[in-house]
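Let me begin by presenting the structure, written as structure tokens, before commenting on it.
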Amino acid sequence: SPLIICFFSTMEFNYLITERLKLRIITPTVLQYVYHNYTDEQLIIFLGLPNAEQLAIEKSKFEKGYTTYKIDYLGFQLLDKTNLNVIGWCGFHSWYPEHQRAEIGYHIIEETNKGKGYMSEAFGAIINYGFQHMQLNRIEALIGPQNIASQQLVHKFGFVKEGVMRQHYFKNGQLEDSIIYALLKADYLK
């Protein structure tokens, strides 16, 4: 629609390209721009959100801040190359540039897009970007014990299980453990 063309053309975005995906790079500067210049309707489309309630949650996260003087953020929206719909996201949060490490997080939005290999396709390009362009030496993934699909994903890319952080994550009204996995640049480049 003309609305999408209009508001996407007001800012240039950078992308990584894979076989089926355009990975739109989202930095704190991009977030500042879209949250201050897009309408709620435009934000819902841009962020790939299902409704205004989810937008309110995302606005609250933005207002509380993704970055501080020592922690940064860099994310990627997974866009379907054929229609540019947002499939999901993957990115680095808790990025400590001084220590050359970051945590990676990821999510496929719609159940119908799960199991199609989109995250595996994006993951390799994003990990490579982290090591080559962000100067990371270590990428961490914190995964719930029941999340077998995520555990399989990180294993596929060479992440090593380092331990369990007990009662680390509050989800659905209860504290859950997190399994910590890590990938070092030297191991990835072997």
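Residue by residue through the stretch 172-190, note down the ones that are among the polar types (S, T, N, Q) and either part of a strand (DSSP E or B) or closer than 17 Å to ASN137 by Cα (or both).
Across the stretch 172-190, the qualifying residues are GLN174, SER178.
Which residues, taken from the stretch 172-188, are over 25 Å from GLY115 (Cβ atoms) and open to solvent by 100 Å² or more (accessible area, probe 1.4 Å)?
GLN174
Out of the stretch 54-81, which residues are closer than 22 Å to ASN113 by Cα and either of a type in the set (Asp, Glu) or in contact (Cβ under 8 Å) with a residue 24 or more places away in the chain (or both)?
Correct list: GLU58, GLY75, PHE76, GLN77, LEU78, LEU79, ASP80, LYS81.
Please determine whether any residue of the stretch 99-107 is aromatic (Phe, Trp, Tyr), within 19 Å of LEU23 (Cβ to Cβ) and at pLDDT below 95.
No, the conditions are met nowhere in the stretch 99-107.
Test each condition in (1) modelled with pLDDT under 90; (2) over 18 Å from the mean Cα position of the chain (by Cα); (3) open to solvent by 40 Å² or more (accessible area, probe 1.4 Å) for PHE7 and report the one that comes out false.
Going through (1) modelled with pLDDT under 90; (2) over 18 Å from the mean Cα position of the chain (by Cα); (3) open to solvent by 40 Å² or more (accessible area, probe 1.4 Å) one by one, PHE7 breaks only (3).
Could you check how many residues of the stretch 26-44 are open to solvent by 70 Å² or more (accessible area, probe 1.4 Å) and under 18 Å from the mean Cα position of the chain (by Cα)?
2
From the list TYR169, TYR96, TYR106, TYR129, pick out the single residue that is in contact (Cβ under 8 Å) with a residue 12 or more places away in the chain and in contact with a Lys or Arg (Cβ under 8 Å, 6 or more places away or on another chain).
It is TYR96.
Where in the stretch 72-171 are there strands (runs of 3 or more DSSP E), lying wholly inside it, with at least 2 residues that are hydrophobic (A, V, I, L, M, F, W, C) and either open to solvent by 30 Å² or more (accessible area, probe 1.4 Å) or more than 23 Å from LEU49 (Cα to Cα) (or both)?
86-96, 138-143, 160-171
Pairs needed: first member in the stretch 14-39, farther than 28 Å from SER120 by Cβ; second member anywhere, open to solvent by 30 Å² or more (accessible area, probe 1.4 Å) and of a type in the set (Lys, Arg); C-beta distance under 9 Å; at least 6 residues apart or different chains.
Here the result reads TYR35/LYS59, each pair linking the stretch 14-39 to a residue that is open to solvent by 30 Å² or more (accessible area, probe 1.4 Å) and of a type in the set (Lys, Arg).
The values are calculated or read from the model by the stated rules, or taken from the named source; none is laboratory data. On a predicted model such as this, the values are computed, not experimentally measured, just so you know. Don't worry about glycine lacking a Cβ; one is built from the backbone with ideal geometry, like all the others, and counts go over all protein chains shown. Calculation scope for accessible area: heavy atoms of the full protein, side chains included, ligands and nucleic acids excluded. Shrake-Rupley method; radii C 1.70, N 1.55, O 1.52, S 1.80 Å.
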